[in-house]
Every structure is written in structure tokens, then in C-alpha cells.
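First up is the structure itself, then whatever we jot down about it.
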Amino acid sequence: MLQGFSAELKRLSFWTLICLLIGWITGYFAWVLGLGWGIYLGYMLYQMWRLNRWLVRKNDEPPPEAHGIWGDLFDNIFHLQRHQRQEKQELQAVINRVQEITSALRDGIILLDWRGHLDFWNPAAQRLLGFHTKDQGLSVINFIRHPRFVSYFEEGNYSEPLELPSPRFSSKQLQFQITRFGKNERLIVVRDVTQLHNLEQMRQDFIANVSHELRTPLTVISGYLETLADNNNLGPTWQKPLQQMQQQTQRMALLINDLLVLSRLETTEVGHNQKNIDLESLLQTIRNEAVALSGDKMHSISLNCESGIALAGNEKEIHSAFSNLVVNAVKYTPPQGKIDMRLWRDKGNFYFSVSDNGTGIESKHLPRLTERFYRVDASRNSSTGGTGLGLAIVKHVLMRHDAELKITSEEGKGSTFTCVFPLTE
């Protein structure tokens, strides 16, 4: 470009000298110089017209022949166009490849622009949600109008996926996972989880039905065992077997009750029987129950409550969760041990914790403590009569109240179970 510019300056200078020479010979400096510059300007306009005509044609023909700065302009624009076409072809190849990959996915893929309007979707999303080409540019809420999805979409907290009935097929269950990217754009992954949902429903129904069905025969067996235990004619030989059978039937009854509680937590809607709970009074009741359960172990059970903390929830569920934590502390803390119950708050949350100075739990077990029937040590539950469902119940109750359970423990120094609740107005 610089060489062409230099050549054009030389051409202009040479042409001006010729005009000056002719003007000196003829005696008409101004007229000859003006005519010369007019001819040069006409030449420049002609080259601009050639450039415009070549650009307007939008084809692959080579640029017009030219010299100087115009030759450089034609050549540089031609090379730039060729480079852009090559980049466009490469970009199109990438887009085609991405479309091929997304078309092969069974999960639906939806891209939204910064406004939340449809930008792209793959065939799986079209099949699951019924999109059409004319829907591009419309808000995704026009097609997924379930109130839970609208709330999930607008709140912007996408840490957990959302499961909903399909807006197109009533028999299907879909899972939506939203991820932000770019300039507030969003990617939605839609997965058909109907089979998993049905299996989970079958599991819940099975547990609930079996638990109900076991209650009646277990009650009969327990009644007959009590009758036999009260019969003095059996002799001392039968006393120990009958006592062990009564202990095991009582343990089975506790297990069935816990399974029914879990089943009820999984099947009833969140917000069932909610009211304002007097936490201080509730915790005092739980402490009295713990003192009675401690009995001969003579634990030191303290309660420290900060006043004025409100909780709107299901009192029966909250009582069950807090009581499970305190009962576990009583069961697994050695005689004359110390158990501290504490209720307090900070700017955003309030907390209920149960601490003990018992044997503690190895750190490798902590992530799995809330799993059903998980055993840190099989002998612990058999000796204490536990069902292995207490912490699972605590976890479900807290989830239903938008809370979470945090566990810290150190072997030989005890454990602390903390329930974290968001503060409400």
C-alpha cells in the first residue's frame, strides 16, 4: 500500500510538472494547471467507479487491472475477500459439525439469547417440546408455562435441575438444567427422565404399601409375645428368647414407622400444615424428652436459645428432625457425657445445632451419613436399636423447609450437627 501511495504521488507530481511546463510555454498557467488537475480528478473518479462496480457484482472474478494506489487497493480488497470467504467456510464447517453433534443427542439442547428468547434448538428439543421454525425469536416461557419453570427461570438460581411434567406429553417427565454463558445467554438441557421418575414412584409406593401391610401382622405378633411373656407357666427357659423376640419386634416397629415417615415426606406437598412454630417451646419439649431418654446415663443436656427467631413450617416434621438429632446424640454419647442444643442467628440465616463429646465419626463417613440404612459401624445400630433412617428423615425435612444439614465430627472429640435455615420475614 505504501509503495502504491508513493507511486501515485510521483505520478501526480510528474503530471503537475507537465502542466506547469505547458502553461509556461503557452502562457496560460492557471488554465492549463486547472485542466490537468481536472483530468487527474476524472481519472480518480473513473477508478472509484471501477471499484464500486467490481464490489457490487459480489462474485469471484479477479479485480480490474490498475496501477499505483488503485492497483494496491484492488489487490488488497481481493485478498481480504478471499480470506473472509475462507474463514466463513471454516466457521460454517464448525457450525455444521456442532449441529450434527447436537442432532445426534437424545437430550434436548436449547440456546437462548440475552432476553430469554429462542435462538437455536436441536431435533430432540423439537420432539420433546414441539418447537417450529417460526418460533425462533419468541420467549421460551411461551412454550413452557408451568409456574415452577417460570419461577426457576426468572430467579436465576440454576445450581439444581428442575423436574416437571412435559408440556406436550402428559405421560412424560422432563428434567431442565439451565447454564449461563456468554453475555447473559443461556443453555437449557432437556432430559426425558420418565423411566427414572416411574421407578422412583414405584419404589415409594412399594415402601409405603409394604410398611402398611407389615404393621398389622407385626402388631399381632407383638400382642402374642406380650401374652406369652406374662405367662408364668412357661418357666425361665423361655424368658430370654421371648425378651429377644420382643426387642426385635419393637425394632421392626420403629423401622416401619420411620419408613412411613419417609414415605409421607416424599409424597406430600411442601407447605402441608404449615404454621408459625414457637421454636423455644419446641426445643424445651425435645430437651425434656432427651433427659428422660438419657435415664441412667445421666447426660448433661443444655439448651441455649436466642429469642425472637420465627419459623413457618410443619411443626410435626420439624419436631421429628430436631428430635432425631438429639436422640442420636443421647444414643451415641457415653454415660455422663455432654450434649449441647443451641439456637441462634446471623444476618441471613438461623441455626439449630446439636453437639456432643462422644466418640465422633471418621471424616470418610460424613458425606454418606444421610443415606438410608448407611452404617458407620453395623454394631452401633444393633446395640442402640437404631433404624438407620433418622438422618435421612432429617435431610428430607430440612429440604422441605429450604434448609440444609452440616455435619462436623472428629474421632474421640465428638460431633456437631447443624441445621441451617434461611431467615424469613
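The values are calculated or read from the model by the stated rules, or taken from the named source; none is laboratory data. As the structure is a prediction and not an experimental result, all values here were calculated from the model. When we count neighbours, we look across all protein chains shown, and the Cβ atoms used for this are built from the backbone with ideal geometry, even at glycine.
Are there any pairs with C-beta distances below 6 angstrom linking a residue in the range 356-370 that is in the same structural domain as T416 (by TED's automatic domain parsing) to a residue that is surrounded by fewer than 11 Cβ atoms within 10 Å (Cβ to Cβ), with the two at least 6 apart or on different chains, and if so which?
These pairs meet every condition: G360/G412.
So for the range 101-123 (the condition being closer than 30 Å to P63 by Cβ and in a helix (DSSP H, G or I)), does at least one residue qualify?
No, the range 101-123 has no match at all.
Counting only residues that are among the charged types (D, E, K, R) and surrounded by 15 or more Cβ atoms within 10 Å (Cβ to Cβ), give me the strands (runs of 3 or more DSSP E) lying completely in the range 283-378 with at least 1 of them.
Where strands (runs of 3 or more DSSP E) fall fully within the range 283-378 and carry at least 1 residues being among the charged types (D, E, K, R) and surrounded by 15 or more Cβ atoms within 10 Å (Cβ to Cβ), they are 338-345, 349-356.
Without any contact (Cβ under 8 Å) to a residue 12 or more places away in the chain and either outside the structural domain of G116 (by TED's automatic domain parsing) or in a strand (DSSP E or B) (or both), is that true of Q239?
Here the answer is yes, as Q239 does meet what is asked.
Going through F153, F181 one at a time, which residue ends up being surrounded by 15 or more Cβ atoms within 10 Å (Cβ to Cβ) and of a type outside the set (A, V, I, L, M)?
F153
State all residues of the range 273-282 that are among the charged types (D, E, K, R) and part of a helix (DSSP H, G or I); if no residue qualifies, say none.
E280
Can you tell which of L225, L260 is in contact with a Leu (Cβ under 7 Å, 6 or more places away or on another chain), at pLDDT 75 or above and assigned to a helix (DSSP H, G or I)?
L225
Please state which of the following conditions T194 fails to meet, knowing it meets all the rest: (1) at pLDDT below 80; (2) touching a Ser or Thr at 6+ places or on another chain (Cβ under 9 Å).
(1)
What are the pairs with Cβ atoms under 8 angstrom where one residue, in the range 145-165, is charged (D, E, K, R) and the other, located anywhere, is modelled with pLDDT of 85 or more? Sequence gap at least six, or different chains.
Hits for this filter: R148/L162; R148/L164; E163/Q173; E163/L174; E163/Q175; E163/F176; E163/V193.
When the residues of the range 349-378 are narrowed to those that are within 20 Å of E404 (Cα to Cα) and among the small types (G, A, S), which ends up farthest from the chain's Cα centre (by Cα)?
Filtering first and then ranking leaves S355.
Which of the residues that make up the range 91-129 are among the charged types (D, E, K, R) and either in contact with a helix residue (DSSP H, G or I) (Cβ under 7 Å, 6 or more places away or on another chain) or not assigned by TED's automatic domain parsing to the domain that holds F149 (or both)?
Listed by number, the residues that qualify are R97, E100, R106, D107.
If I filter the range 52-67 for residues that are modelled with pLDDT of 75 or more, among the aliphatic types (A, V, I, L, M) and farther than 26 Å from S6 by Cβ, do I get at least one hit?
Yes; the residues of the range 52-67 include at least one that is modelled with pLDDT of 75 or more, among the aliphatic types (A, V, I, L, M) and farther than 26 Å from S6 by Cβ.
Within the range 134-193, work out how many residues are of a type in the set (F, W, Y) and not in a loop (DSSP other than H, G, I, E, B).
Adding up the residues that qualify gives 5.
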